[in-house]
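Structure first, commentary second.
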Amino acid sequence: MGFTIRRANPGDAEGILACLRAAFAPFESSYTPAGYLDTVLTPDTLASRFKSMALFVAVGEAGEIAGTIACARAGDGKDGEDGADAEGHLRGMAVLPQQQGSGVAARLLQQAEAELRALGCSRVTLDTTEPLKRAMRFYERHGYRRTGRVTDFFGMPLYEFAKGLQTAWPALGYALI
């Protein structure tokens, strides 16, 4: 099945929430109640995310939201002037169970990374929980590595992953290192 990636809008809220619920339902018993609610969001927390982050959706041929991801620039970077060395952060990646393995997640990740590059980010982080072992392997295949930073996520360990973002020269197909 084909899909397109586009920037999400508030009219996508119901589909995004349904996608998050479907993707994380198999893991609900592994989460604390507060951790699960923070992961699958509510209409109010999703509205807040729309105000602070760029959200993208994968839309299937039938118009359904097949996947979602959010990203934001985490700050002005180390230099504070031109944004060099700024860091981006990913949140809320989810793909419908029937779409997992179809390329939706990889395309969403590429879109979010491109957005962060456009915002001047040279590094991106994300956090994930122990039950999401498949997601951890996915991120590692896409160049993310554990940083060793572990924080508390509503009573659960939250593992940070990071990746350097290269500046690409799309017309030539080269990357600056």
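Laid out as a table, the results:
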| quantity | calculated |
| --- | --- |
| Entirely in the stretch 1-114, the strands (runs of 3 or more DSSP E) that have 1 or more residues that are of a type outside the set (D, E, K, R), more than 25 Å from Pro131 (Cβ to Cβ) and touching a strand residue (DSSP E or B) at 6+ places or on another chain (Cβ under 8 Å) | 3-7, 54-60, 86-95 |
| Filtered residues of the stretch 121-166 (kept if in a loop (DSSP other than H, G, I, E, B) and open to solvent by 30 Å² or more (accessible area, probe 1.4 Å)) | Glu130, Pro131, His142, Gly143, Phe154, Gly155, Gln166 |
| In the stretch 138-150, the residues that are farther than 20 Å from Arg73 by Cα and either among the charged types (D, E, K, R) or touching a Pro at 6+ places or on another chain (Cβ under 9 Å) (or both) | Glu140, Arg141, Val150 |
| Some residue of the stretch 26-38 being open to solvent by 20 Å² or more (accessible area, probe 1.4 Å), at pLDDT below 95 and among the small types (Gly, Ala, Ser) | no |
| Pairs, first within 16 Å of Ile69 (Cα to Cα) in the stretch 123-142, second acidic (Asp, Glu) and outside any strand (DSSP E or B), C-beta under 7 Å, six or more apart | Val124/Glu113 |
| Ala94 being touching a Gly at 6+ places or on another chain (Cβ under 7 Å), without any contact (Cβ under 8 Å) to a residue 40 or more places away in the chain and hydrophobic (A, V, I, L, M, F, W, C) | no |
| The lone exception for Leu17 - which of (1) touching a Pro at 6+ places or on another chain (Cβ under 8 Å); (2) open to solvent by 20 Å² or more (accessible area, probe 1.4 Å) it fails | (2) |
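So that you can scan it fast, the table gives a plain yes or no per residue for (1) in contact with a helix residue (DSSP H, G or I) (Cβ under 6 Å, 6 or more places away or on another chain); (2) closer than 15 Å to Ile69 by Cβ:
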| residue | (1), (2) |
| --- | --- |
| Gly2 | no, no |
| Ala18 | no, no |
| Tyr31 | no, no |
| Tyr36 | yes, no |
| Thr39 | yes, yes |
| Thr42 | no, no |
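The values are calculated or read from the model by the stated rules, or taken from the named source; none is laboratory data. Bear in mind that the values here come from a model prediction, so they are computed numbers and not experimental data. FYI the Cβ positions are ideal-geometry reconstructions off the backbone, even for glycines, and counts take in every protein chain you see. Accessible surface areas use protein heavy atoms only, side chains included; no ligands, DNA or RNA. Shrake-Rupley method; radii C 1.70, N 1.55, O 1.52, S 1.80 Å.
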